[in-house]
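Shown next, in structure tokens, is the structure this report addresses.
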Amino acid sequence: MTIDFNKNKDNLVPAIIQDAVTKNVLMLGYMNEEAYKKTVDTKLVTFYSRSKNRLWTKGEESGNTLDLVDIQVDCDNDTLLVQAHPNGPTCHTGTDTCWKEDNETTFGFLTHLENTIQQRKAEGKPDESYVASLFEKGINKIAQKVGEEAVEVVIEAKDDNDDLFLNESADLLFHYLILLQQKGFKLKDVEDVLKFRIKK
């Protein structure tokens, strides 16, 4: 597909900027054909500034550039999705995104689950919460539970019952998240190790 810059009378199309790694939306800008070509040629995300009435490369004053990774065109050929690596805060106010959000890696529901586990640990109500009761019993009990669930996953993997295998896998992952927090870590720390290994 090719972008249709002539759909709008000002020949501008919206360009949604997304972090290529975290997938968070960083900002929204506008490109004309010249800005698009300059972005592709220089690998630095460039917009057409309506206020300055000229091309504007992100970071030309602040140094907080956006390194181009990929550009995709939507189904109507009139909107761009630009994936980039940000060099510093994206918003002119100094925040990571123009929505004042931190540009952090999240794992969707797993991040929500991590936060819930952290909350249960902080509340410390072992009579009301299974998670809190595990934290109260300490590292040995939590590690034992991870070991037990790992064995169950291996056993179910050798059988043909997919439901049991998936349920045991969920139990293993759940208890592993508890163990990570007991050790003071989160999934992001494990991801960092995996990323480091890929670079080798």
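So that you can scan it fast, the table gives a plain yes or no per residue for (1) touching a residue at least 60 places away in the same chain (Cβ under 8 Å); (2) part of a loop (DSSP other than H, G, I, E, B); (3) over 21 Å from the mean Cα position of the chain (by Cα):
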position	(1), (2), (3)
Arg120	no, no, yes
Pro126	no, yes, yes
Gly147	no, no, yes
Ile155	no, no, yes
His175	no, no, yes
Phe196	no, no, no
Hits in region 101-120 - residues which are among the charged types (D, E, K, R) and modelled with pLDDT of 95 or more
Glu114, Arg120
Where in region 1-55 are the strands (runs of 3 or more DSSP E), entirely inside, with at least 1 residues that are of a type in the set (D, E, K, R)?
13-19
Residue under question is Asn167, and the condition is that it be surrounded by 12 or more Cβ atoms within 10 Å (Cβ to Cβ), over 30 Å from Gly29 (Cα atoms) and modelled with pLDDT of 95 or more; does it hold?
yes
Filter region 75-95 for residues that are touching a strand residue (DSSP E or B) at 6+ places or on another chain (Cβ under 7 Å) and outside any strand (DSSP E or B); the one that is farthest from Asn11 (Cα to Cα) is Asn87
Among Asp4, Asp41, Asp74, the single one that is under 22 Å from the mean Cα position of the chain (by Cα), among the charged types (D, E, K, R) and either modelled with pLDDT of 95 or more or not assigned by TED's automatic domain parsing to the domain that holds Leu187 (or both) is Asp74
Specify the residue that is surrounded by the most Cβ atoms within 10 Å (Cβ to Cβ); the eligible residues are those in region 36-58 that are touching a Gly at 6+ places or on another chain (Cβ under 9 Å) and among the aromatic types (Phe, Trp, Tyr).
Phe47
Out of the residues in region 17-35 that are surrounded by 19 or more Cβ atoms within 10 Å (Cβ to Cβ), over 11 Å from Ala84 (Cβ atoms) and of a type in the set (A, V, I, L, M), state the one that is nearest to the chain's Cα centre (by Cα).
Met31
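The values are calculated or read from the model by the stated rules, or taken from the named source; none is laboratory data. Because the structure is predicted, anything quoted here is derived from the model rather than measured. No Cβ is skipped: glycine too gets one built from the backbone with ideal geometry, and neighbour counts run over all protein chains shown.
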